[in-house]
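Novice: Next up is a structure, given as C-alpha cells.
Computed from the coordinates by the stated procedures, all read-outs in this text should not be read as laboratory data. Keep in mind that this is a model prediction, so the values were computed, not measured. Neighbour counts run over all protein chains shown; Cβ positions are idealised from the backbone, glycine included.
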Amino acid sequence: MLIKSADSKAKDLEILQGLLAHPAADARAKRAIEQEIRTIRSGEKGERDAAYEINFHFGSSKNWAILHDLRIEHDGRVAQIDHILMNRLMEVWVCESKRFHRGVSINEHGEWIRYFNGKPQGMSSPIEQNRKHCALLKAIFDEGVVEPPKRLGFYLFPEVRSMVLVSSNAQIRRPKSEIRGMDDIVKVDQLKRRIDKSESDLLAVARIVNSDTLEDLAKRLAALHSPIAFDWHARFGLKPAAKASFPRETEPHQKAETASTQNPDKQRSSKLMCAACNARVNYNVAKFCWVNKVRFGGAVYCIDCQKGFPVQA
C-alpha cells in the first residue's frame, strides 16, 4: 500500500534557477546556487531509484505500507526520512537513500569519504544520521504521538530498523575490521533480498496485525508530515525582488477624481514601499529603481537598501 509519495522539488528548483539571474548574485553566489541545484537533482534521482524498487516489490502488497519523503517534528527534534516500509509484523524499516557518482569509502573509524571531481571529501555518516531518524520515530510510537495498536489491552510497539540505501552502480569500500552498522548499508537493487533475509524476533508473530490496522497506523504517521519552505534568498544572502509596476489605480472614476484633487507624484509616492525594509519611498527614488531595473531586478528599494546592490558596469 502506497500511503505517501515524495513531495515535488520543482518549486525549489524554479526559485534557484531564478536566483542565478539575480542582479546581486556574484560569481561565488552563482557557484553555490549551481551546486545546490546539482545536489537537489542528484538527491531526487537517488530517492526516485529507491522509491521505484520499494514500490515495485512492496507497493501493491496489503502486507506492507509505504511512505516516501516524510518530515516529522517532535520535542524540538526534526527527522527528514526518505522512505519508510511498515509490515503487518509491526516491523518498520527506516531508509536513508544516498547517491554517489564516484563511490564511497568507510574507514575503520566509521568515517565516510565520497569523491568529487576525483578528490576525496569527508561527509557525515548516513548511518548515524539514520539512527537519529529511527530514534525520533521510535519516540513517536513510544510516547503515543502515533498510538500503536492494542491487543488484549497491551500496545503492539513497532520494531524500528535502519537501512542506508546506496545507488546500485556505486562502489562501496568497506573497512576490513567489523564496525557496527556496516550491515545497514545496502545497494538499492539488493533491498528486497536484504529484507527477506532479515530475522524477525520471537515476538513478531504475536504482534501481527491485519491490513486495515496497518493502513490506519501508516496514515496517522503520514498525517504528521510537516514540510518546510526554504528561504533560498536568505540562504545565499540575496534580497527578494518585488514585481516591478507603477501603482495601480482602483476604479476609473476614482482616477479622474484623484487627478483633479491631488498631485500625481505625491499620490504615487504615498503608495511606494521598499521591497527590503518596507519603508516609504519617494517617487523619484522609485523611478530611479525602475530606470535601473537590471541592477535592482525591477523592484523598488529605499536609498539605504540600494547600497546593497553592486553598481552595474
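Novice: Relative contact order, percent, of the chain when contacts are C-alpha pairs under 8 Å separated by at least 6 residues?
Specialist: 18 percent
Novice: Enter the angle in degrees (range 0 to 90, nearest 10) between the Cα long axis of helix 10-19 and the first principal axis of the Cα atoms of the chain, meaning the one along which they spread out most.
Specialist: Result, in degrees: 40.
Novice: Another question about this same structure. Which residues in region 90-128 place their backbone N less than 15 Å from a point set 7 Å from the Cα of Arg48 along the Cα-to-Cβ direction?
Specialist: 99, by backbone N distance to the label point.
Novice: Determine, for Met182, Met1, Met90, the number of other Cβ atoms within 10 Å of each Cβ, and report the residues in order from fewest to most.
Specialist: The order, fewest Cβ neighbours first, is Met182, Met1, Met90.
Novice: Counting only helical runs of four or more DSSP H residues, what would the 222 nm mean residue ellipticity of the chain come to if each run contributes -39,500 (n - 2.57) and the total is spread over all its residues?
Specialist: Computed ellipticity for the chain at 222 nm equals -11500 deg cm²/dmol.
Novice: Which of Val291, Val104 comes first, and how do the rest follow, when ranked by fewest Cβ neighbours within 10 Å?
Specialist: Lowest count first: Val291, Val104.
Novice: Could you tally the net charge around Ile195, taking each other residue with its Cβ under 10 Å from the Cβ of Ile195, Lys/Arg +1 and Asp/Glu -1?
Specialist: +3
Novice: Note down the magnitude of the dipole of the chain about its Cα centre, charges +1 on Lys and Arg C-beta and -1 on Asp and Glu C-beta and zero elsewhere, to the nearest 20 debye.
Specialist: Charge dipole of the chain: 1160 debye, to the nearest 20.
Novice: I've got another one for you. Once the dipole of the chain is set up with Lys and Arg at +1 and Asp and Glu at -1 on Cβ about the Cα centre, which of Gly103, Leu2, Asn210 lies farthest towards its positive end?
Specialist: It is Gly103, whose Cα lies furthest towards the positive end.
Novice: Scan around Val300 for amide H atoms under 5 Å from its own, H built in the peptide plane at 1.01 Å from N, and keep only partners 5 or more places away or cross-chain.
Specialist: Those lying under 5 Å, H to H, from Val300 are Ala242, Ala275.
Novice: Let me ask you something else. Within 10 Å of each residue's Cβ, count the other Cβ atoms and sort Val164, Val205 from fewest upward.
Specialist: Fewest-to-most Cβ neighbours within 10 Å comes out as Val205, Val164.
Novice: Moving on to the next point. In a shell of Cβ-Cβ distance under 10 Å around Pro227, excluding Pro227 itself, what net charge do Lys and Arg (+1) and Asp and Glu (-1) give?
Specialist: -1
Novice: Tell me, what is the FRET efficiency for Arg235 and Asp7 to the nearest 0.05, using R0 = 22 angstrom and their Cβ-Cβ distance as r?
Specialist: Efficiency for this residue pair is about 0.75.
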